[in-house]
Amino acid sequence: MYGCAPLRHQCDTLERDEKHQQRQQRQEAEQRLGHYTRSLLLLTTAAAARCAAQIQADSIQLNPAAERSEGKTKFGEMQSVYQHLISLLFIFSSLQVNQLTEGCSCALTHPQDAFCNSDIVIRAKVVGKKLLRDGPFGTMRYTVKQMKMYKGFDKVQHVQHIYTDASESLCGVKFDINKYQYLITGRVYDDKVYTGLCNFNERWERLSLAQKKGINHRYQLGCNCRIKPCHYLPCFVTSKNECLWTDMLSHFGYPGYQSRHYACIQQKEGYCSWYRGMTARDKTTINATDP
């Protein structure tokens with residue numbers, strides 16, 4: 001799971017706290033939505049009550065025959081007003097919800113960047129889930145059986161739960177229960193592990209051998225390097241600590257060969273270059289623009 005709607009322009013490495021800021025913005029938007037919706041619903045109910053009270057007051061002054069006729073007219077007017085207010089409530093709510101459900105957009109990320117920018121990297125099996133009703137969309141809490149931790153020992157001793165948005169349009173990720181082992185990356189806030197579609201989450205058996213080795217130790221060696229995406233030609237490295245990532249230029253699509261088989265490792269004098277180490281024959285350091 002590399003992303004749900006890749007952007008077709010040059011993307012720099014995301015800032016460390018960007019995900020936290022996005023989550024705070026979504027929570028604030030959800031709170032505003034709930035507040036505005038409740039306020040408008042109260043106004044709607046109050047207006048309907050006033051209409052009903054006015055009909056009752058007017059009908060008292062009428063004779064029985066006129067009362068029935070005038071009462072029907074007033075009742076029809078009340079229904080019309082009430083329907084209009086309900087329509088306004090629906091439109092208002094829809095506009096607010098649409099702001100939150102435009103879709104999840106994620107920048108393309110090399111697995112090494114995903115590793116280096118994550119607080120937690122584990123291999124785990126998902127054994128349960130529970131929907132937490134905290135806001136209009138909720139949060140999904142997955143219970144996991146941790147197999148191995150690759151990063152995050154200073155953050156959490158042992159991961160038991162993974163939290164994500166319940167809605168995929170808000171970048172919530174879905175895991176199968178009691179089926180697969182997953183590589184899960186995420187961030188830690190208030191001692192809780194959060195992940196999403198913009199994090200690198202993948203079934204363990206789908207990872208290449210080079211990716212598994214990278215997660216075990218190689219990616220950590222390149223966290224001081226910068227993987228520079230190339231979305232269109234020409235593109236060049238601009239500093240000695242950059243590796244040029246050209247998977248997006250391939251007609252084979254994404255994820256590409258560099259993502260699956262290469263790590264950007266820092267060499268002597270601070271220079272970074274692509275490294276592939278699957279077999280003895282391939283244990284070579286190559287040029288920063290190759291492949």
Anything in segment 230-261 that is part of a helix (DSSP H, G or I) and in contact with a Gly (Cβ under 8 Å, 6 or more places away or on another chain)? List them, or say none.
Asp247, Met248
Does any residue of segment 142-151 turn out to be in the same structural domain as Thr195 (by the TED database), at pLDDT below 95 and of a type in the set (S, T, N, Q)?
no
How many residues does segment 143-171 contain that are buried (at least 17 other Cβ atoms within 10 Å of the Cβ) and either of a type in the set (Lys, Arg) or free of Cβ contacts under 8 Å to residues at least 60 places away in the same chain (or both)?
10
Out of all the residues in segment 188-199, which are part of a loop (DSSP other than H, G, I, E, B) and of a type in the set (A, V, I, L, M)?
Leu197
Can you pull out the residues in segment 200-229 that are open to solvent by 20 Å² or more (accessible area, probe 1.4 Å), assigned to a helix (DSSP H, G or I) and of a type in the set (S, T, N, Q)?
Asn216, Gln220
Could you tell me whether any residue of segment 173-184 is closer than 25 Å to Trp245 by Cβ and in contact with an Asp or Glu (Cβ under 6 Å, 6 or more places away or on another chain)?
yes
Filter pass, Tyr194 being among the hydroxyl-bearing types (Ser, Thr, Tyr), in contact (Cβ under 8 Å) with a residue 40 or more places away in the chain and farther than 19 Å from Ala107 by Cα
no
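The values are calculated or read from the model by the stated rules, or taken from the named source; none is laboratory data. In this text, all values refer to a predicted model and were calculated from it rather than measured experimentally. A quick note on method: Cβ atoms are made from the backbone with ideal geometry, for glycine too, and the neighbour counts reach across all protein chains shown. Accessible surface is based on the protein model in full, side chains and every heavy atom, while ligands, DNA and RNA are left aside. Shrake-Rupley method; radii C 1.70, N 1.55, O 1.52, S 1.80 Å.
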